[in-house]
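Undergrad: Okay, here's the structure, questions in a sec.
The values are calculated or read from the model by the stated rules, or taken from the named source; none is laboratory data. Quick caveat: nothing in here was measured; it's all calculated off a predicted structure. In this analysis, Cβ positions are derived from the backbone assuming ideal geometry, glycine residues included, and neighbour counts consider all displayed protein chains.
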């Protein structure tokens, strides 16, 4: 690995350019939520950039292209950046993957409980800045009303003919389907005897 130095600066937003390799995409609602959250709280998470390999005095984004796009919509003229010096081309691309793929995911019941706790403070404005469609947020808030321990307390991953069967019908918009599938796979790993029927 090459020797790497990092500077933290405020730079002109028009001097910062997306990279051509970023595989990360956002749904329409997540794009809206990114802009809403920056509008409410400001730019809390600086972009990670490197000196542009072809444009003198310019910068290329390693992580944060969606945040930059939101800041441009909001009329930002300057933007905070972490400038990483000394990266090879391969290291810059690898760092993009690391930034995209190491942020984890929310455990759904814990997320539902957290949203339920803060809902009284925000009321109808709770959805502002959150990456959910209204129906998704409502589903999460309803999830918080269940005591999931009642379902899990005597469950050992097996069932016989005397056990009752819980059936859930779940609908989900096409946008965000990838994240839903990820959460669904986590559930199926936790409960391997569960049966899934897709229509």
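Undergrad: For residue 84, indicate whether it is farther than 27 Å from residue 128 by Cα and surrounded by 13 or more Cβ atoms within 10 Å (Cβ to Cβ).
TA: yes
So that you can scan it fast, the table gives a plain yes or no per residue for (1) modelled with pLDDT of 95 or more; (2) within 18 Å of residue 15 (Cβ to Cβ); (3) assigned to a helix (DSSP H, G or I); (4) not assigned by TED's automatic domain parsing to the domain that holds residue 144:
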| position | (1), (2), (3), (4) |
| --- | --- |
| 60 | yes, yes, no, yes |
| 70 | yes, yes, yes, yes |
| 79 | yes, yes, no, yes |
| 82 | yes, yes, no, yes |
| 112 | no, no, yes, no |
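Undergrad: Can you confirm whether the stretch 101-108 contains a residue that is closer than 27 Å to residue 15 by Cβ, loosely packed, with under 15 Cβ neighbours inside 10 Å and within 19 Å of the chain's Cα centre (by Cα)?
TA: So far as the stretch 101-108 goes, yes, one or more of its residues are closer than 27 Å to residue 15 by Cβ, loosely packed, with under 15 Cβ neighbours inside 10 Å and within 19 Å of the chain's Cα centre (by Cα).
Undergrad: Here is a follow-up. Conditions first: (1) over 24 Å from residue 28 (Cα atoms); (2) at pLDDT 95 or above; (3) surrounded by 11 or more Cβ atoms within 10 Å (Cβ to Cβ). Residue 74 passes all but one, so which condition is the exception?
TA: Residue 74 satisfies every listed condition except (1).
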